[in-house]
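Beneath this line is the structure, given in structure tokens, with notes to follow.
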Amino acid sequence: MSHAQTKEATQRFLDTLHAEFDGLSNGDKAAIRRTVEPDDLLLNPAFYRLVQETLSRFQEPELSKARDFFKNLSQVARLVYLLPFIKHQPLGKSLGTVLRENEISERRLFLVTRSEYPQDLIQLRRLCQQFQEESMDVVKLGRLLLYWGKDKTTSEGSKRQLMKDFYLSFASEKMEPVDADN
């Protein structure tokens with residue numbers, strides 16, 4: 001499978017996961033929302049129903065790829081942990097951009113990036129709760145969180161990406177022309 005096919009498949013799996021989350025009963029959404037730590041989802045029946053319903057949306061041969069994608073439940077739990085506080089917009093902003101636009105201080109971002117698992121994700125979730133009406137791209141968030149590990153070395157790349165999105169989110173905006181005559 002090529003990198004482009006893998007990226008497209010990942011996007012389909014994450015889009016489907018978010019759509020299924022939106023379709024959960026209020027009770028299941030509340031059970032996920034009340035979760036204290038990401039790993040607590042691994043003991044939550046609502047989480048398993050969500051994964052099961054997501055997988056049921058695929059037919060072979062894509063079903064076997066989806067099963068492979070969802071087999072690491074710890075990775076999926078990290079994303080589902082934040083889903084109650086994410087409003088999805090396809091091709092939308094990254095989490096770092098949303099944090100920057102809402103003027104989250106560097107200090108709060110550093111609290112996330114310098115913390116160890118699971119405190120780092122707990123702090124990140126608190127930030128997401130503050131801006132749950134802001135739209136962002138769940139696929140971008142999913143790629144960030146799927147590789148967010150339980151130790152410093154495996155989380156480093158994801159935390160670096162979050163910092164990059166935060167600091168460089170306005171780099172692409174148009175700069176006002178400077179009048180050289182003044």
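TYR117 fulfils the conditions (1) more than 14 Å from the chain's Cα centre (by Cα); (2) assigned to a helix (DSSP H, G or I); (3) modelled with pLDDT of 90 or more; (4) of a type in the set (Ser, Thr, Tyr) except for a single criterion, (2). Contact annotation: no residue pair with Cβ atoms under 8 Å, 6 or more positions apart or on different chains, pairs a residue in the stretch 108-122 that is free of Cβ contacts under 8 Å to residues at least 12 places away in the same chain and surrounded by 18 or more Cβ atoms within 10 Å (Cβ to Cβ) with a partner that is among the small types (Gly, Ala, Ser) and outside any helix (DSSP H, G or I). When only residues in the stretch 126-182 that are among the small types (Gly, Ala, Ser) and touching an Asp or Glu at 6+ places or on another chain (Cβ under 8 Å) count, which is modelled with the highest pLDDT? My answer is SER155.
From the list LEU99, LEU14, LEU50, pick out the single residue that is of a type outside the set (S, T, N, Q), modelled with pLDDT of 95 or more and either crowded, with 17+ Cβ neighbours inside 10 Å or under 21 Å from SER155 (Cα atoms) (or both).
Numbers: LEU99 fails: modelled with pLDDT of 95 or more; LEU14 fails: modelled with pLDDT of 95 or more.
Only one candidate passes the filter, namely LEU50.
The single condition from (1) under 24 Å from ASP39 (Cα atoms); (2) of a type outside the set (Phe, Trp, Tyr); (3) modelled with pLDDT under 95; (4) touching a Ser or Thr at 6+ places or on another chain (Cβ under 7 Å) that GLN123 fails is (3). Within the stretch 123-153, if we keep just the residues that are of a type outside the set (D, E, K, R), surrounded by fewer than 21 Cβ atoms within 10 Å (Cβ to Cβ) and not in a helix (DSSP H, G or I), the residue that is nearest to the chain's Cα centre (by Cα) turns out to be TYR147.
What do you reckon, is ALA19 touching a strand residue (DSSP E or B) at 6+ places or on another chain (Cβ under 9 Å), more than 24 Å from TYR167 (Cα to Cα), surrounded by fewer than 19 Cβ atoms within 10 Å (Cβ to Cβ) and without any contact (Cβ under 8 Å) to a residue 40 or more places away in the chain?
Values: touching a strand residue (DSSP E or B) at 6+ places or on another chain (Cβ under 9 Å): yes; more than 24 Å from TYR167 (Cα to Cα): yes; surrounded by fewer than 19 Cβ atoms within 10 Å (Cβ to Cβ): yes; without any contact (Cβ under 8 Å) to a residue 40 or more places away in the chain: yes.
So ALA19 fits the description; yes.
Counting residues that are more than 26 Å from TYR117 (Cβ to Cβ), which helices (runs of 4 or more DSSP H) fully inside the stretch 1-89 reach at least 1?
Details: elements: 3-22, 26-33, 45-55, 62-70, 73-82.
Correct list: 3-22, 26-33, 45-55, 62-70.
For SER25, the criteria (1) more than 19 Å from PHE69 (Cβ to Cβ); (2) touching a helix residue (DSSP H, G or I) at 6+ places or on another chain (Cβ under 6 Å); (3) not acidic (Asp, Glu) hold in every case but one, which is (2). Of the residues making up the stretch 11-50, those that are within 18 Å of TRP148 (Cβ to Cβ) and aliphatic (A, V, I, L, M) are LEU14, LEU17, ILE32, VAL36, LEU41, LEU42.
The values are calculated or read from the model by the stated rules, or taken from the named source; none is laboratory data. It should be emphasised that the depicted structure is a prediction, and the values quoted were computed from it without experimental measurement. FYI the Cβ positions are ideal-geometry reconstructions off the backbone, even for glycines, and counts take in every protein chain you see.
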